[in-house]
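A short write-up of the structure that comes next.
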Amino acid sequence: MNLEQLKVLVWVRWRIAINQLVHGGSVGAVLSSVLGVIVIALSISSLVLAFGLGLFLLAKVPASTLIVVWDVIMAAFLFFWIIGLVTELQRSETVSFEKLMHLPISLRSAFFLNYLCSWFNLSMVAFLPAMLGLALAQIVTHGMGMFVVLPLLASQLAMITAITYQLRGWIAALMENPRKRRTVIVTMGMIIMFLSQAPQLFNVYVMRKSRQSRQTSQQQLQQELERYERDMSDLRQELQEGQIEPAEFNRRAAEIEPPVPSPATTKPPSLDEQTIALLHAALPPGWLGLGVKTLAQHRYWPAMVTTFLAAGVAAVSLRRGYRSTIRYYRLGHMHTVRSGAKHSAPDPQVTNKHDASSFRKIHVPGIPDVVLDFTRIHLRHLLRAPEIRMALLVPPMVVGLSLIPAMFSTHDELSKMPVIYRPLLLMGAGVFSVLSILQLLMNQFGFDRDGFRTYMLVPLSRRNLLLAKNLSCLPIGFGISLVMVSVAQFMTRASVDGYLGTIVQCGSGFLVCCMFGNFISVLSPMPAATRTMRRSRVKLVNVLLHVVFAMTLPFVQIPIAVPYVVYWLWHFYGGTRWVPVYTLSSLVLLAALGAVYLWVLPMQGRLLLRRQGAVLRVVAASQD
Amino acid sequence: METDWAIESENLTRAFGDVRAVDDVNLRVRWGSFYGFLGPNGAGKSTTIKMLTGLLEPTSGSMRILGESVRQDQEQLAIKKRIGVVPENLGLFDNLTAREYLTFVGRMYLMPVDTIQQRSEDLLSVLGLQDEHKKLTLEYSHGMKKKLSLAAALLPNPDLLFLDEPFEGVDAVTSRAIRDILSDFVARGSTVFLTSHVLEIVERLCTDVGIIAHGKLIEQGPLDELKQDGSLESLFLQRVGNHEETRVEVSWLKDRAV
Ligand SMILES: Nc1ncnc2c1ncn2[C@@H]1O[C@H](COP(=O)(O)OP(=O)(O)OP(=O)(O)O)[C@@H](O)[C@H]1O
Ligand SMILES: [Mg+2]
């Protein structure tokens, strides 16, 4: 690695950042610097706060508590880190290898620098100062021996970031290869399902066992109590009837065993120290807690060993990551070649005929054929772009992470849940899936890039252009909704009315998102970097606009709740179950929203007509 | 000089899936020659340049650049230091100014800062970019980007230049300036390997040509020998596909739409 070149690379990144900032307009520059100051202030204060807390609260606590504290911090960090990873997967490098490979630069330095930059993200900014503050506090309270915690912390974070970085490169490379993409998606889905289920399974298993044992011991206790009461009352009766003397009574009363609660009811099952240590040693994220604990007990070697181990893992991971990245670039990523299309010599007439005949299949009354053709072409374009596939993959993953385990965990409660509340759960699933294409709907032109120029030129009214664009998102959004809602239906066993109604509701939600998304897409287009969903060279004003819009979305979606209210009132006041109220009221809402949509669309078309030049300037500019 | 050739490739092949973009190409580029690499669109010119400059790994075959054999498992910094490249996608950074980019490239070649500055001024004024110092590359026109990339390739004063379509989109005045620079460059004994679709320029500049079609090198040698008495255009059309035979009538373009 050449230090000189590394310096220049840092300088280039710096220049790019500055130029982006200055170029983003004065408002953007001011906002970014304000944000920067806030972030710095926050991290400094969290460092100070953690230091103070560590100094005053953790000075005297036993080592076995320290391990818990660090475990919790590590777990929280990992949680946010993994969520961050999902967005990280969509990001591209500022200094892409493609621009460096013909220069006499050691790509190792470039790779290393890119890796270092991966440290700067939100979860790191949030957690690193706090961890550092805590570690420093413990050096003060526990003596200089604790100093080892600093290299341990560094190597731990290096290990986590290196593995993530390697993983990220690996997944990005795999996603480019159409043949492997499916495997990746399936594997990732399974891993995530498993990971999200694992704590749940553990919980269910352990909890059920302990609940069972608690139940049996409680029963025993009850029996003991009854026996005791019986014996005592017998004794008291004997005393009253004069059969025994008070002295005799006292002696015999003392003989009767009072009920003793069995140990299981007083103490939850706990693991002994050795098992805890073993568990921590076996799970790398636990090394930090283990190290701190042993250091507090003035044992140094576990912390040292784990430091070296973590550093070793980081090094190996980086090395492998570097190799695969270089391989990825030098082997040249194939652009998606559809299987079947490659072998046979191109026969233009045949293929053209095929393409042309797949047109004009569906006729929808009220929608011009030209709009449908546009929709079909646009849909193909959407489904082929890897970054869009990726974007579509992410929300179901998040849903899988959050929604499904929640449903499993409350499975017992679910069966007790009144039927009329169950559509709410279905709606939750539906909302999530409509949200998944929101990213697409809110930035409909960003992904067209230079293609937007073509859209500007096509002799299609702007109203119809928007209509076609919305329609092309419909199969994607509706497909996801259908799957998600059906899964939720399978688990909650809502009524048929609830199920059908929710599906109609998804349509309404989609319509609202379309109207909403059209406005944002026209008013605040964002450029999308090539091959990633990351928005590059964005103005901060636009980002803020998007945030504001995203926050108002829930309020815009309020009408969606109306059919449910109708449904609830119907059942609350004892309406018959045989009328599908939910479905009917949802259909009415859908029709109403459809009318609103048709009314709004021409206005949005006119807005697009006025603003399309500005949109083109944003989306079609070349990228870093 | 250990070999006769500045660039030499042995059965160089690159496949994308089942498509062989470059197929068993044996290049021989003489030292100090001005080599024009011609071929129709999609023939494999850019792919070949990418492999020669280390941007892309060959599927099979070997090559020697500037007398040193290229090993795929090494970074080849020594070779890269002696070559300048205008890659197909230009490889510019959008958010840098021309001077910043040239400084970056120069420092990558470990050149002293003063030299970089002085050469940058020269290059930018020759290429007509000297007044654009405030602009970021992303605000450049297509031709301006081409010129900046060329300036970056010339900056380290390399022994060998790889230029992928350097004249495409460049105005007549600058085109003239580039031709003069390249002629001087070759006159002092350095080698240029360029691809171009502008046959007149190639005919005027190049000493040697290679013609590639469907990934196969179908013609290679000194320009004078190859074209004999005809023009380069007739040679190209004759070797790449007969104009008369392959011509397809687009009859409907002859009538105006109603
Ligand atoms: N990354 C890639 N994935 C799949 N096929 C590719 C890739 N890059 C190039 N090809 C194919 O390789 C062949 C040669 O492409 P190349 O870019 O080398 O052509 P070229 O001679 O430079 O054409 P042009 O004159 O248009 O620049 C083409 O058929 C192209 O489709
Ligand atoms: Mg090319």
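Computed 3J(HN,Hα) for region A:569-577, one whole-Hz value per residue from the Karplus formula 6.51 cos²θ - 1.76 cosθ + 1.60 where θ = phi - 60°, is 4, 3, 6, 5, 8, x, x, 5, 7, glycine and proline marked x. Per-residue shielding of B:89-100, expressed as the average number of other chain Cβ atoms within 10 Å of the residue Cβ, stands at 5.
Can you give the local net charge around B:Leu194? Use residues other than it whose beta-carbon is closer than 9 angstrom to its beta-carbon, Lys and Arg +1, Asp and Glu -1.
-2
Sorting A:Cys506, A:Cys117 by the number of Cβ atoms found within 10 Å of their own Cβ, with the fewest placed first, yields A:Cys117, A:Cys506.
Rounded to the nearest 20, the Cβ-based charge dipole of region B:5-254 about its Cα centre (Lys and Arg +1, Asp and Glu -1) stands at 420 debye. Working note: Karplus 6.51/-1.76/1.60 with θ = phi - 60° gives region B:38-44 the couplings 10, x, x, 4, x, 6, x Hz, where Gly and Pro are set to x. When A:Thr454, B:Thr13, A:Thr65 are sorted by how many other C-beta atoms sit within 10 angstrom of their C-beta, beginning with the fewest, the order is A:Thr454, A:Thr65, B:Thr13.
Volume per residue of the convex hull around the Cα atoms, evaluated for region B:1-70, comes out as 79 Å³. How much net charge surrounds A:Ser109 when only the other residues with a Cβ under 10 Å from the Cβ of A:Ser109 are counted, with Lys and Arg +1 and Asp and Glu -1? Surrounding charge for A:Ser109 is +1. Per-residue mean of foreign Cβ neighbours for B:50-60 is 3 (Cβ atoms of other chains, 10 Å radius). Taking the square roots of 5 times each eigenvalue of the Cα gyration tensor of region A:98-167, largest first, gives ellipsoid semi-axes of 33, 13, 9 Å. Full extension of the chain segment joining A:Leu3 with A:Met144 gains 47.4 nm, where the gain is 0.36 nm per residue of separation less the Cα-Cα distance. A simple rule links phi to the HN-Hα coupling: the Karplus curve 6.51 cos²θ - 1.76 cosθ + 1.60 with θ = phi - 60°, which for region A:456-472 gives 5, 8, 5, x, 10, 5, 5, 4, 5, 4, 4, 4, 5, 5, 5, 4, 5 Hz, with x for Gly and Pro. Among the listed pairs A:Lys469/B:Lys147; B:Lys145/B:Lys227; A:Lys7/B:Lys147; B:Lys45/B:Lys254; A:Lys7/B:Lys135; A:Lys99/B:Lys134, those with a Cα-Cα distance over 31 Å are A:Lys469/B:Lys147; B:Lys145/B:Lys227; B:Lys45/B:Lys254. Proximity of backbone amide H atoms, modeled 1.01 Å from N, is registered between B:Ala213 and B:Ile218 at under 5 Å, excluding neighbours fewer than 5 places apart on the same chain. Exposure proxy shown here: for B:Ser234, A:Ser586, the number of other Cβ atoms within 10 Å sets the order, fewest to most, as B:Ser234, A:Ser586. Per-residue shielding of A:100-112, expressed as the average number of other chain Cβ atoms within 10 Å of the residue Cβ, stands at 6. Hey, in the GNM for chain B with a 10 angstrom Cα cutoff, which one of B:Arg188, B:Arg14, B:Arg176 fluctuates hardest? In the Gaussian network model the winner is B:Arg188. The convex hull built on the alpha-carbon positions of region B:84-229 has an orientation-averaged projected area of 9.5 nm².
Measuring how big region A:423-619 is from its alpha-carbon positions, Rg and Dmax come out at 18.4, 59 Å. Computed over region A:440-488, the convex hull of the alpha-carbon atoms projects to a mean area of 3.9 nm². If you bin all the Cα-Cα distances of chain B at 10 Å, starting from zero, the percentages per bin are 7, 29, 34, 22, 8, 2, 0. Other residues lying with their Cβ under 14 Å from the Cβ of A:Pro302 contribute a combined charge of +1, Lys and Arg counting +1, Asp and Glu -1.
Quick note: the coordinates plus some simple rules give every number you see, no bench work behind them. Because the structure is predicted, anything quoted here is derived from the model rather than measured. Methodologically, a virtual Cβ is constructed for each residue, glycine included, from the backbone with ideal geometry; neighbour enumeration extends over all protein chains shown.
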